[in-house]
1. Output the qualifying pairs, or none if there are none: Cβ atoms under 6 angstrom, residues six or more apart or on different chains, first residue in the range B:46-61 and over 25 Å from B:Met1 (Cα atoms), second residue near DNA strand D (Cβ under 8 Å from one of its atoms).
2. Within the range A:47-55, can one find any residue that is within 11 Å of DNA strand C (Cβ to nearest atom) and more than 16 Å from the chain's Cα centre (by Cα)?
3. Scan the range B:65-80 and tell me whether some residue there is of a type in the set (Lys, Arg), within 14 Å of chain A (Cβ to nearest Cβ) and assigned to a strand (DSSP E or B).
4. Can you pull out the residues in the range B:66-86 that are surrounded by fewer than 19 Cβ atoms within 10 Å (Cβ to Cβ), among the aliphatic types (A, V, I, L, M) and in contact (Cβ under 8 Å) with a residue 24 or more places away in the chain?
5. Considering only residues that are at positive phi and within 14 Å of another protein chain (Cβ to nearest Cβ), look in the range A:11-59 and name the one that is nearest to DNA strand D (Cβ to nearest atom).
6. Take B:Ala7 and decide whether it is modelled with pLDDT under 95, at the interface with chain A (Cβ under 10 Å from one of its Cβ atoms) and assigned to a helix (DSSP H, G or I).
7. Among what's in the range B:18-46 and is β-branched (Val, Ile, Thr) and under 16 Å from B:Tyr77 (Cβ atoms), pick the residue that is farthest from DNA strand C (Cβ to nearest atom).
Protein chains: 2
Amino acid sequence: MNIETAAAQLEALGNPTRLNIYRTLVRAGGSGLPVGKLQLKLDIAASTLSHHIRKLVEVNLVSQERQATTLICRANYASMNGLLGYLADECCIDETGACAPAASEVAA
Amino acid sequence: MNIETAAAQLEALGNPTRLNIYRTLVRAGGSGLPVGKLQLKLDIAASTLSHHIRKLVEVNLVSQERQATTLICRANYASMNGLLGYLADECCIDETGACAPAASEVAA
DNA sequence: TCGATCCTTCTAGAAAGTTAGAATTATAGG
DNA sequence: CCTATAATTCTAACTTTCTAGAAGGATCGA
């Protein structure tokens, strides 16, 4: 994980609509959700949703699998863990102990 | 922590320059860094730096303290921890265990 | 092959972000 | 009060993002 990748993933999550998409996918669990179901849940235009999903896919936070005519979207937990690890390691080093849990978690 | 706050903080960090600013402040430790030192380290225009710092201050990821003519900037570890906690709780719930460490960490 | 469903891509306009030079404010020292 | 230092705000140009209607591509059943 380098700083450019981390920034790109943070930027992808740094939009309320996309963060909501991602959170909805996480709550959907391992089976994921088709794009159409996401559209119904979030009530946004199909083209808008498609663009947002593409951004999340581009930074590897979401993966897609085609099943016939529907496209299943799933949250990529490994990528999120990588991002959380980067932030804990690179951006939360605190000798006062305020960030100790996260930092020690990775070191342990 | 609500989704709007989380998105705003993620957006603030989702720019390579700002993420670099934040990381530099983290590495500077509890004593922080004056804006001028940040400018020398990062080699960007003063006005540009000021705008980026303001964004980080607005979302409470960075705090500032005036000492005579210099403004000391410090990373706000508590805010970063709050953000990491939100992501672990709301966006990394994985029954397969891939995200279990982060989720259990907060619950414990 | 035709039609239906599902989703993406095209296109375009409005809105917001990024950058930095110039001017301005804030603070302190002489 | 004047000057110097430190940083912000103003301004403007450029780029990017966001949104969504319209058109197009992919897949499958009949």
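The values are calculated or read from the model by the stated rules, or taken from the named source; none is laboratory data. These numbers were taken from a predicted model, which means no experiment stands behind them. Glycine also receives a Cβ, built like all others from the backbone with ideal geometry; neighbour counts cover every protein chain displayed.
1. If the second residue must be near DNA strand D (Cβ under 8 Å from one of its atoms), the pairs left are B:Ala46/B:Gln39; B:Leu49/B:Gln39.
2. Looking through the range A:47-55, at least one residue is within 11 Å of DNA strand C (Cβ to nearest atom) and more than 16 Å from the chain's Cα centre (by Cα).
3. Taking the range B:65-80 first, the residues of a type in the set (Lys, Arg) are B:66, B:74.
Imposing the further condition that a residue be within 14 Å of chain A (Cβ to nearest Cβ) reduces the set to B:74.
So of that shortlist, the ones also assigned to a strand (DSSP E or B) come out as B:74.
Yes, the range B:65-80 has at least one match.
4. B:Leu71, B:Ile72 - these are the residues of the range B:66-86 that are surrounded by fewer than 19 Cβ atoms within 10 Å (Cβ to Cβ), among the aliphatic types (A, V, I, L, M) and in contact (Cβ under 8 Å) with a residue 24 or more places away in the chain.
5. At the first step, the residues of the range A:11-59 found to be at positive phi are A:29, A:32, A:43.
The next check asks that each one be within 14 Å of another protein chain (Cβ to nearest Cβ); those that pass are A:29, A:32.
Numbers: A:Gly29: 24, A:Gly32: 17 Å.
Top of the filtered list is A:Gly32.
6. Numbers: modelled with pLDDT under 95: no; at the interface with chain A (Cβ under 10 Å from one of its Cβ atoms): yes; assigned to a helix (DSSP H, G or I): yes.
No; evaluated as a whole, the condition is false for this residue.
7. Initially, the range B:18-46 is screened for residues β-branched (Val, Ile, Thr), giving B:21, B:24, B:26, B:35, B:44.
Checking which are under 16 Å from B:Tyr77 (Cβ atoms) leaves us with B:21, B:24, B:26.
Working: B:Ile21: 10, B:Thr24: 15, B:Val26: 19 Å.
Looking at the filtered set, the residue picked out is B:Val26.
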